[in-house]
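Quick notes on the structure that follows.
The values are calculated or read from the model by the stated rules, or taken from the named source; none is laboratory data. Please read these numbers as outputs of a predicted model, since none were measured by experiment. Ideal geometry is used to build each Cβ from the backbone, glycine not excepted, and the neighbour counts take in all protein chains shown.
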Amino acid sequence: MDFPISKSLDLSGVTCPLNFVKTKAALAQIQSGEYLEVLLDEGEPLLNVPRSLKDEGHTVMRVTPQDTRFKLIVRKA
Amino acid sequence: MPELDVAELKKVGTIQQRDKEYFVLRLRLAGGNTNSADLRTVAEIARKYGRGDIHLSTRQGIEIPYVPADKALEARQALEDAGLQMGACGPRIRVVVACQGREICKWGIIDTKSIARRLDAEYFGQDTPHKFKFGVTGCPHNCAKASENDVGIMGGLYPEWQPDNCTRCGLCVSVCPAQAIIQDGARFTLNEEKCLYCSICTALCPQNSWRRKAEGYLLTIGGTMGKQQRLGDKLTGLLTDLETVYKLVQKIVEYYRQNGRKRERFGQTIDRLGLARVRGELLDGFSD
């Protein structure tokens with residue numbers, strides 16, 4: 001299934017918690033039910049950002065490993 | 001000045017310094033937990049009897065150094081009068097180390113504080129062939145380094161996957177630190193041999209399709225740092241009954257008393273006798 005992406009965010013090299021702050025700001029610019037694409041570094045970002053998204057009710061729809069990064073598709077709550 | 005029996009004093013946390021004119025007073029805490037009233041007492045006694053210095057020990061204890069030999073007994077009495085208890089040194093069961101556990105930490109799976117208090121109440125200060133240490137850690141992140149202790153207790157969560165809400169996003173596969181989760185078409189399976197019981201999959205799964213099947217306790221035996229470092233060996237799989245854990249701990253302590261040689265840490269006892277034999281004898285008659 002392909003998700004229509006409303007916004008894309010490259011968070012390569014952006015550490016916690018700033019990466020989540022930027023993710024939240026990007027989510028604020030799209031509508032509920034729309035999809036945000038986020039590129040995250042491996043390690044802490046991949047553990048922390050999805051957990052914070054879950055805490056705020058958003059849903060990670062797909063995770064695609066890309067070398068040392070992960071592309072996430074998030075559906076806004 | 002009273003005649004001081006240095007060996008006897010050591011048993012009750014009153015330890016002669018390099019400069020023999022001074023003693024360190026070591027206090028007993030369970031899992032590093034104290035409170036503002038006790039800390040005020042410690043501060044006051046350190047100021048009155050020592051030099052105002054306070055040292056935080058490697059095992060979450062408090063030590064008051066530079067208490068002059070002729071004041072050591074008086075200072076100890078003052079601590080005990082205020083309701084504080086002395087720590088231990090030498091060949092006996094030492095203070096229990098623990099992390100904050102489930103009460104405080106978002107990852108904590110077990111109540112480390114109550115376990116630390118119970119182990120402390122039941123075993124602290126008892127004689128053993130060599131020093132003997134308990135460590136309690138809330139989850140497999142192992143912040144309290146349970147497996148460096150003669151007995152380590154670690155919380156663990158055993159996950160299971162339910163297909164109902166799963167969107168097959170694949171986050172679980174990417175975040176599992178042990179690569180224990182495998183996607184097989186539309187299904188996700190757990191490699192039980194590899195699972196660390198860490199709860200990262202259940203905590204992160206966006207749909208709660210990974211959920212708790214069981215949670216409980218993982219026991220390790222024979223861990224030690226020091227001159228001959230050795231990480232603890234897993235004694236069992238995940239134990240779900242805390243009373244079983246306490247019974248096993250009791251058996252482990254008795255076993256070490258019977259089989260350990262003087263100044264031989266439990267890990268070395270295990271290496272001398274063989275892990276399979278020790279494990280077999282400890283687990284004889286136990287089931288969970």
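Does B:VAL151 satisfy being in contact (Cβ under 8 Å) with a residue 24 or more places away in the chain and under 13 Å from B:ARG59 (Cα atoms)? First the steps, then the outcome.
Values: in contact (Cβ under 8 Å) with a residue 24 or more places away in the chain: yes; under 13 Å from B:ARG59 (Cα atoms): no.
So B:VAL151 fails the test.
So which pairs qualify, if the first residue must be in region B:43-68 and not assigned by TED's automatic domain parsing to the domain that holds B:CYS143, the second must be among the basic types (Lys, Arg) and part of a loop (DSSP other than H, G, I, E, B), the Cβ gap must be under 6 Å, and the two must be at least 6 apart or on different chains?
Going by the 6 Å Cβ cut-off, the qualifying pairs are B:TYR66/B:ARG51.
Tell me, please, whether a residue that is over 13 Å from the mean Cα position of the chain (by Cα), part of a loop (DSSP other than H, G, I, E, B) and within 30 Å of B:SER209 (Cβ to Cβ) can be found in region B:128-139. Can you show your working first?
First, the residues of region B:128-139 that are over 13 Å from the mean Cα position of the chain (by Cα): B:128-131.
Next cut, part of a loop (DSSP other than H, G, I, E, B) only: B:128-131.
Narrowing the set further to residues that are within 30 Å of B:SER209 (Cβ to Cβ) leaves none.
No.
Out of (1) among the β-branched types (Val, Ile, Thr); (2) within 23 Å of the chain's Cα centre (by Cα); (3) surrounded by 19 or more Cβ atoms within 10 Å (Cβ to Cβ), the odd one out for B:VAL24 is which?
Result: B:VAL24 passes all but (2).
When residues of region A:12-62 are filtered for being aliphatic (A, V, I, L, M) and either assigned to a loop (DSSP other than H, G, I, E, B) or touching a Phe, Trp or Tyr at 6+ places or on another chain (Cβ under 7 Å) (or both), how many remain?
So in region A:12-62, the residues aliphatic (A, V, I, L, M) come out as A:14, A:18, A:21, A:25-28, A:30, A:36, A:38-40, A:46-47, A:49, A:53, A:60-61.
Restricting the remaining residues to those that are either assigned to a loop (DSSP other than H, G, I, E, B) or touching a Phe, Trp or Tyr at 6+ places or on another chain (Cβ under 7 Å) (or both) gives A:14, A:30, A:40, A:46, A:49, A:61.
Counting residues in region A:12-62 that are aliphatic (A, V, I, L, M) and either assigned to a loop (DSSP other than H, G, I, E, B) or touching a Phe, Trp or Tyr at 6+ places or on another chain (Cβ under 7 Å) (or both) gives 6.
Residues in region B:155-167 that are assigned to a loop (DSSP other than H, G, I, E, B), surrounded by fewer than 18 Cβ atoms within 10 Å (Cβ to Cβ) and either under 32 Å from the mean Cα position of the chain (by Cα) or more than 8 Å from chain A (Cβ to nearest Cβ) (or both): how many? Full working, then the answer.
Filtering region B:155-167 for residues assigned to a loop (DSSP other than H, G, I, E, B) gives B:162-167.
Among the residues that remain, those that are also surrounded by fewer than 18 Cβ atoms within 10 Å (Cβ to Cβ) are: B:162-165, B:167.
Then drop every residue that is not either under 32 Å from the mean Cα position of the chain (by Cα) or more than 8 Å from chain A (Cβ to nearest Cβ) (or both), which leaves B:162-165.
Total satisfying the criteria: 4.
Which of the following residues is away from chain A (no Cβ under 14 Å), in contact with a helix residue (DSSP H, G or I) (Cβ under 9 Å, 6 or more places away or on another chain), among the polar types (S, T, N, Q) and touching a residue at least 24 places away in the same chain (Cβ under 8 Å): B:THR189, B:THR128? Talk me through it step by step, then tell me what you get.
On the way: B:THR189 fails: in contact with a helix residue (DSSP H, G or I) (Cβ under 9 Å, 6 or more places away or on another chain).
Criteria check complete, one pass: B:THR128.
Do you know which residues across region B:68-102 are more than 27 Å from B:ARG47 (Cβ to Cβ), in contact with a helix residue (DSSP H, G or I) (Cβ under 6 Å, 6 or more places away or on another chain) and not hydrophobic (A, V, I, L, M, F, W, C)?
B:GLY90, B:GLY101
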